[in-house]
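Written below as structure tokens is the structure these notes are about.
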Amino acid sequence: MNAYILKILRGFWSLLVGMKVTLKYFFKKPVTVQYPYEKREIAPVWRGILNQLCDAKGVELCDGCQICGRICPVQCISMEVYKDPADNKRKTSSYIVDFGRCMFCGLCVEACPKKCLVHTTDYVLVSYERAGMVLGKDKLVKR
Amino acid sequence: MNISYGLENIWTWLITLIDRLFCRAGLPYIFAYTLEKIIFGVALLVFISISVLFLIWLERKVSAHMQSRLGPMHVGGWHGWAQTIADMVKLLFKEDIIPAKADKWVHRIAPIVVFVPSLMAFLVIPFEKNLIGQDLNAGILLIFAFSSLAVLAIIMGGWASNNKYTLLGGIRSAAQMVSYEIPLVLSVLSVIMLVGSLKLNDIVEAQQGWHWFAFTQPLAFMLYIIAATAEVNRTPFDLPEAESEIVSGYNTEYSGLKYGFFMLSEFTNMLIVALVAATVFMGGWQGPKWLPLPGIIWLLLKTYLIVFVLMWFRWTFPRLRVDRLMDFGWKVLIPLAFVNIFLTGLFMVVFK
Amino acid sequence: MTENTLKDKDGFETMYLNMGPQHPSTHGVLRLGLVLDGEVIIKAEPDIGYLHRGMEKLAESRTYQANIAMSDRFDYVTSMNNNFVTALAVEKLLGVEIPKRAQYLRILMAELNRVVNHILFFGFFAMDLGATTALIFGFREREEALELFESVCGARLTYNYFRVGGVSRDLPAGFIEKAGNFVKMMRSRLKDYDDLVTGNVIFQDRSVGIGRISKEDVLAYSLSGPVMRASGIKYDIRKDDTYSVYREFDFEVPVRENGDCFDRYMMRMLELREALKIIEQVLIKLEPGEILAKVPKIIKPPAGEAYVRTESPKGELALYLVSDGTANPYRLHLRAPSFINLQILQKILTGVKVADVIAILGSIDITLGEVDR
């Protein structure tokens, strides 16, 4: 009989201890952010949407070596290469990344010999159709 | 206790006005009486719907703050106050789905059946001394009688949906509500013994000053809160709608307005048990004399305190298992309730 | 099975309940066919394969480095540990020496991921038993750990941090301090966890003595990880078949005797504390140095095979890798702990109640991504 009453009392006490925890957090400041209005700080190393860098004069650094396209595990990078007769250098006429397939693993950025392919901290990729996820040079090249 | 302020003065004035008007027009009193009751009923409905909207919002806010969140913040501006209104509008526009092999009529009327008894229980609750639908002799008994009807609708909904999860939810609810009615009534019984009346106004007036039954009958109060939590299917006793086990329990197959009715009745039930707790154990519409607020304000303050405690339970505890629930009800709550009744009786005999 | 012919012990009809693949708490797309006598389960039939992505076959058409990126998706809760085992297997084939700092960073990340997994287990297990707040608490603390991961490797779920021969990036400035703060914060939060869930009488009522797995069953079904140690078998690959530099760290292998849901839960909570201990030691021991060994750009291991075992948060995670000398593996096979731990389910589900099914499933801690692969 004593053990029975003790068990009940101990049970109630454990419930009260639990209620203390929730009450404690009830009066504490929330940890969430109100997303569209405030955004959390993103680490500078964030693997977001890809960008191509240019040199100081605004000329693309990419020389169309195709390494990024070949190392990509999901084959989401495609490009067309031509030889510019003006300075006899390889250049890309189109550079397309399908972000619908991209898994942001970052292998292409690591492999890039010219270090001209970079991740940005941009993560918003919203589109009404799949074609909207396929970004070409106009979106990717940062001048 | 004469309180010469508050809503009840307006109400008595209105009643007198209607009585006189009908008398002057030469109509029998029964017409005036009916009109008064209709006005009261409509006012009650408005009160209930506003309270439920507020309660849902409160529930989301309380849960959010307990979980280090903020909850709805956008709709309506200030802390998302219009969120539940928006949700209700959404529910209104949702497609009303009846499962192909459901028992269509039972499925249709279950949401109505669930709402009516929870509405009826409001009739006898004294918001202020004279602000009461009908001050019945057996007021408290009527509340328990009607609140036990809710189980019928839940079984109807669970059975008619022709889904195994809803069936499990309905059967669980039947077992749970039947066994938790008993400690609920027994816990109030000791109070009734002390007061000697089933009339809610008598119970309130027996608690003048600070002689709340919550203090003189602490065990009964605790038993009542626990049994009431089970009665309104809230965690830790939310087995009929245990989300992680049987999806959503008896209302799994409901959508749109019918689901809205189930939700409405759930929160209305919560309001009722809190109102009863405030009336029976916490002095009802009576407040301290030095702070002359209308009685209804005092009652609602006490009610929302109980509601907060119920929400606090919900967002803290895990759920009991179905057989342990029965164990707890029959082996802990009911013996304790009997012990309490026995002690109360002994006290009454000795100190008479 | 749609027609149910089983009868209960009194000869009455039973009910066939199809739990999942769409169910709030089967942890993904597991389907459980339950034959019910009222609320009691007579027979349970787990049905897996709804999340099968053919990853072992896909691996054969990917380079070794791309396979590490893919290994993030085996068990998406413990990506770092999956990276670890894949990298170790390739390195065993190649026979490269890993720089000291890279070794430490690997252990730091693997243990941090263990913490994340166990926090998440805490949240989901409590959620399965109906305690909603615990889930959000778990996610709140996980968020802090994910921010640490994010600041190191730039991703929050699929880290792809390990490279053949080391790791991809060094720690950013201020990481050690932040990680130290995380450990401290986690210790204080664990007290809240204990108050809120572990000590709670309802929680204990729901978990003590439920879903008991005996020592013999553990061995017969070759269960591993916390599920095994909860049944009283003290075996941890980090200690008993050590890999990387785990032998340099001082940590206990907690063990519990009963093998019920509560012990499996307690195992995780104890392991979480041990993992925090290891993280603290790593943070002290870290010294500047190389993070990537010299490996060729295109990895072509010599023909041969390698089998590597590691202790993932879920159990023994092992990888069998066969190379034929080309840039892609010839065969990759994963010994997925979730998959093997799940096999006991059918046995221990017999005779329990519907609510216990969820508790037992939650206490085994599976990720369907790893079960189906």
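Okay, here's what the table says:
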| read-out | value |
| --- | --- |
| Pairs of alpha carbons in region B:87-162 whose separation is greater than 21 Å (percent) | 47 percent |
| Volume per residue of the C-alpha convex hull in region B:99-351, rounded to whole Å³ | 118 Å³ |
| Contact order normalised by residue count of region B:1-86, Cα under 8 Å, 6+ apart, percent | 14 percent |
| Estimated FRET transfer efficiency when R0 is 41 angstrom, pair residue B:54-residue C:185 (beta carbons, to 0.05) | 0.70 |
| Total formal charge among the other residues, if their Cβ is under 12 angstrom from that of residue B:172, Lys/Arg +1 and Asp/Glu -1 | -2 |
| Proximal charge balance of residue A:43 [Cβ under 9 Å; K/R count +1, D/E count -1] | -3 |
| Peptide C:120-133 - average C-beta neighbours from other chains (10 Å radius) | 5 |
| Segment residue C:240-residue C:176, extension gain: residue separation times 0.36 nm, minus the distance between their alpha carbons | 20.1 nm |
| Cα-based helix-to-principal-axis angle, C:261-285 vs chain C, degrees rounded to 10 | 10 degrees |
| Contact order relative to length of chain C, as percent, for alpha carbon pairs under 8 angstrom and 6 or more apart | 26 percent |
| C-alpha center-to-center spacing [region B:249-299, region C:47-64] in angstrom | 55 Å |
| Cross-link reach list, lysines versus residue B:90, counting only Cα pairs under 22 Å and skipping chain neighbours closer than eight places | B:61, B:258 |
| Theoretical FRET efficiency, 1/(1+(r/R0)^6), r = Cβ-Cβ of residue B:331 and residue C:250, R0 51 Å, to 0.05 | 0.60 |
| Shielding of B:238-249 by partner chains, average beta-carbon count, 10 Å | 5 |
| Calculated from backbone phi, Karplus (6.51, -1.76, 1.60) coupling profile of region A:137-143 in Hz, x at Gly/Pro | 4, 4, 8, 8, 7, 9, 9 |
| Pairwise centroid distance, computed over Cα atoms, of region C:78-100 with region B:11-46, Å | 85 Å |
| Residues losing 10 Å² or more accessible surface upon assembly, region A:47-64, compared with the chain by itself, 1.4 Å | A:47 |
| Cα pair count fraction exceeding 18 Å, expressed as % - region A:50-142 | 43 percent |
| Cα pair distances in region C:55-372, grouped into 20 Å bins until the bin that holds the longest one, percent each | 34, 57, 9 |
| Relative contact order of region B:203-347, defined on C-alpha pairs under 8 angstrom at six or more residues apart (%) | 32 percent |
| Estimated FRET transfer efficiency (residue C:324, residue B:97; beta-carbon r; R0 56 Å; 0.05) | 0.50 |
| Cut-off 17 Å, label 7 Å out along Cα→Cβ of residue B:29, residues of region B:129-154 by amide N | B:134-135 |
| Length released on extending from residue C:293 to residue C:219, taking residue separation times 0.36 nm less the Cα-Cα span | 22.7 nm |
| Largest to smallest principal axis extent of the C-alpha atoms in region C:1-104, angstrom | 67, 30, 23 |
| Set C:191/C:353; C:92/C:184; C:92/C:215; A:115/A:139 screened for pairs whose C-alpha atoms are more than 29 Å apart | C:191/C:353; C:92/C:184; C:92/C:215 |
| Largest-first ellipsoid semi-axes for region A:1-40, taking √(5λ) over the Cα gyration tensor eigenvalues, angstrom | 41, 8, 5 |
| Cross-link partners of residue B:199 among lysines (Cα-Cα below 28 Å; sequence separation of 8 or more within a chain) | B:37, B:129, B:289, B:302, B:352 |
| Helix-only [θ]222 nm of chain B, DSSP H runs n ≥ 4, -39500 (n - 2.57) each, per residue, nearest 500 | -22000 deg cm²/dmol |
| Calculated [θ] (222 nm, deg cm²/dmol) that DSSP helices of n ≥ 4 give over chain C, each run adding -39,500 (n - 2.57) | -14000 deg cm²/dmol |
| Estimated Rh, the protein assembly as shown: Kirkwood, alpha-carbon pairs, angstrom | 31.0 Å |
| On Cα atoms only, tilt of C:132-153 relative to the major axis of chain C in degrees | 20 degrees |
| Packing rank of B:196-206, C:134-144, where each peptide gets the mean count of other beta carbons within 10 Å, highest leading | C:134-144, B:196-206 |
| Under the Karplus curve 6.51 cos²θ - 1.76 cosθ + 1.60, θ = phi - 60°, whole-Hz ³J(HN,Hα) for region C:219-233, x wherever Gly or Pro sits | 5, 5, 8, 6, 6, 8, x, x, 4, 6, 5, 5, 8, x, 9 |
| Using θ = phi - 60° and Karplus 6.51 cos²θ - 1.76 cosθ + 1.60, couplings along region A:65-78 (whole Hz; Gly, Pro as x) | 7, 6, 5, 4, x, 7, 7, 4, x, 10, 6, 9, 9, 9 |
| Residues of type lysines that residue C:314 reaches as a straight line, Cα spacing below 17 Å, ignoring anything fewer than 8 places off in the same chain | C:234, C:239 |
| Rounded to 10°, Cα long-axis angle of helix C:100-128 versus longest principal axis of chain C | 20 degrees |
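The values are calculated or read from the model by the stated rules, or taken from the named source; none is laboratory data. Remember, predicted model here, so these are calculated numbers, not experimental data. Ideal geometry is used to build each Cβ from the backbone, glycine not excepted, and the neighbour counts take in all protein chains shown. With ligands, DNA and RNA removed, areas are computed over all heavy atoms of the protein, side chains included. Shrake-Rupley method; radii C 1.70, N 1.55, O 1.52, S 1.80 Å.
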